[in-house]
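Scroll down for the structure; my scribbles are underneath it.
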Amino acid sequence: MVMRKLILQGLGVWLLLLGFAVINGFFRERVLEPNLGPEAAHVLATTTLAGAVFVAALLWIGTNPRGYSFRDLLAVGIIWSVLTAAFEFALGLARGRSWAELIEDYDFTRWRLFGLVLLAALVSPLIAGFAGRNARRRGETRSRNPSAAPDRAEQDGGQ
């Protein structure tokens, strides 16, 4: 039951990311490419999307008071990656791009970084789960031992 709920929530987050990706692509084509050129626009839009995937995973999984297993989070990452690749290829083919052109978007040697988005989709749930687990552990340690010395960041005022 927990896994089903996690997958359904993950699909909801992915749909929100899909909306962001569409807006990001529109912005790349209409604003960035005319002003920066296609190569720079691709790099900027792709890294922005990869960052958005990571932030979404942190906000959803990293702040969840209930931890998830490695297996559950890996399942979410695989689903996100497969859905993202499927959407990207389907959209590209629908827009008349060839398979060769679509595959070129994964050629890191030519600064075609779309593979970075797939990597972010795969590992972001895992990283967010790890970060959330560590934050919960630090909070549990402090709540069990309130007289424990604050960590270095708290002593420096969070800086």
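Worth a mention:
- Residues in region 37-60 include none that are in contact with a Pro (Cβ under 7 Å, 6 or more places away or on another chain) and at pLDDT below 95.
- Filtering 119, 83 for residues that are more than 10 Å from the chain's Cα centre (by Cα), modelled with pLDDT of 95 or more and in a helix (DSSP H, G or I) leaves a single hit, 83.
- Scanning region 1-26 for residues that are under 20 Å from residue 85 (Cα atoms) and either free of Cβ contacts under 8 Å to residues at least 24 places away in the same chain or more than 15 Å from the chain's Cα centre (by Cα) (or both) gives 7, 8, 12, 15, 19, 22, 23, 25, 26.
- Within the set 76, 43, 55, 82, the sole residue that is surrounded by fewer than 18 Cβ atoms within 10 Å (Cβ to Cβ) and in contact (Cβ under 8 Å) with a residue 60 or more places away in the chain turns out to be 43.
- When region 62-71 is filtered for residues that are crowded, with 19+ Cβ neighbours inside 10 Å and either at pLDDT 90 or above or closer than 9 Å to residue 122 by Cα (or both), nothing remains.
- Candidates are the residues of region 94-105 that are among the hydrophobic types (A, V, I, L, M, F, W, C) and modelled with pLDDT under 95; the one that is farthest from residue 10 (Cα to Cα) is 100.
The values are calculated or read from the model by the stated rules, or taken from the named source; none is laboratory data. In this text, all values refer to a predicted model and were calculated from it rather than measured experimentally. A quick note on method: Cβ atoms are made from the backbone with ideal geometry, for glycine too, and the neighbour counts reach across all protein chains shown.
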